[in-house]
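Down below is the structure, laid out as structure tokens.
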Amino acid sequence: MKSKPVILRQPPLTGYGLPNLSPSCVKLELYLKAANIEYIVKPADPRKAPKRMVPWVHVDGCELGDSQLIIEYLKQRFGDPLDAHLSNTDKVTGHLVRRTLEEGTYWCFLCQRWVEDDGFAALKPFFMKMLPGGPLKGLLLAFIRRQTRQRAISQGAGRHSRAEVESMAAQDVAAVVATLGDKPFLLGDRFTSYDCCVYAFLSAVAFFPGTNASKTFLLSQPPAMDYLRRITESYFPSLLRAQFPVIGSSPTVF
């Protein structure tokens, strides 16, 4: 008996050439595509999510949250076509890169997008379209921003200056780019689940509006930009021209 499609719950935050403004949503959807798992995207209200965060999925009659925990479940449920060939050393490298991005770079992104006024200005139009509340949605978004800023302060990244956060993010990106080197994918010639995370974060650096040290560095690295182009061509081809407006050129620098 054929299984039902996975229902992927995520907000409609496509913009700036990105599949979604949330790296976690990009990571999970890319995994579903690359692992050839049938899925349907439906809107998401984080208040109804099992962990009160996006994305989440409905699968086998259950609701699961957290992109990485979801991927681990999907591997057990549908098999592991992307990572089964990896050595233990490869898996350790992939794990370290993923955790750097998700537990370090993520908080820098959060500060750059929600705390800094220019980053928030790039996010605001998308959330104003998405949020309920009519004329009060501006107040709701301001409340969400205050809560997000407090999360960043509690974690620690929100206690740093803008320059310090930018430097931390740039060091993370440089480390990931060095690990990638000139290989087709993070761990060699084959796309793996770890590339889902790397693509999600590096594309967010390259194509989200603004100028910062991470973006300036990444755009100067042809192998890394070729990596992004290669994955976009394979899995999000409709976004290729938005990322690289003239085929064969460098991406637009905002």
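The values are calculated or read from the model by the stated rules, or taken from the named source; none is laboratory data. Predicted model, so just to flag it, every value in this text is computed and none were measured. For neighbour counting, all protein chains shown are included, and Cβ atoms are generated from backbone atoms with ideal geometry for every residue, glycine included.
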Here are the criteria: (1) buried (at least 17 other Cβ atoms within 10 Å of the Cβ); (2) over 19 Å from T100 (Cα atoms); (3) polar (S, T, N, Q). Tell me which single one T192 does not satisfy. (2)
Among (1) surrounded by fewer than 20 Cβ atoms within 10 Å (Cβ to Cβ); (2) at pLDDT 95 or above; (3) closer than 22 Å to L123 by Cβ; (4) not polar (S, T, N, Q) - the single one L202 does not satisfy: (1)
Residues of segment 116-142 being part of a loop (DSSP other than H, G, I, E, B) and of a type in the set (D, E), in sequence order, are E116
Any chance P245 is without any contact (Cβ under 8 Å) to a residue 40 or more places away in the chain and part of a loop (DSSP other than H, G, I, E, B): yes
Scan segment 133-170 residue by residue and report those that are acidic (D, E) and farther than 22 Å from L18 by Cβ. E164
Counted residues, segment 206-238 - those being charged (D, E, K, R) and free of Cβ contacts under 8 Å to residues at least 24 places away in the same chain: 3
Can you name the number of the only condition in (1) hydrophobic (A, V, I, L, M, F, W, C); (2) in contact with a helix residue (DSSP H, G or I) (Cβ under 8 Å, 6 or more places away or on another chain); (3) in a loop (DSSP other than H, G, I, E, B); (4) surrounded by fewer than 20 Cβ atoms within 10 Å (Cβ to Cβ) that V41 fails? (3)
Condition check for Q171: more than 19 Å from the chain's Cα centre (by Cα), not in a loop (DSSP other than H, G, I, E, B) and not charged (D, E, K, R): no
Could you check how many residues of segment 60-94 are without any contact (Cβ under 8 Å) to a residue 40 or more places away in the chain and more than 19 Å from I37 (Cα to Cα)? 5
Residue, farthest from the chain's Cα centre (by Cα), within segment 189-205, restricted to residues that are touching a residue at least 24 places away in the same chain (Cβ under 8 Å) and not in a helix (DSSP H, G or I): R190
Out of R149, R145, R113, I need the residue that is assigned to a helix (DSSP H, G or I), within 16 Å of A204 (Cα to Cα) and touching a Phe, Trp or Tyr at 6+ places or on another chain (Cβ under 7 Å). Which one? R113
Unique match (being under 17 Å from the mean Cα position of the chain (by Cα), part of a loop (DSSP other than H, G, I, E, B) and either at positive phi or not acidic (D, E) (or both)) among L13, L8: L13
Since M130 meets every condition but one in (1) touching a Cys at 6+ places or on another chain (Cβ under 7 Å); (2) among the hydrophobic types (A, V, I, L, M, F, W, C); (3) within 21 Å of Y16 (Cα to Cα), which condition does it not meet? (1)
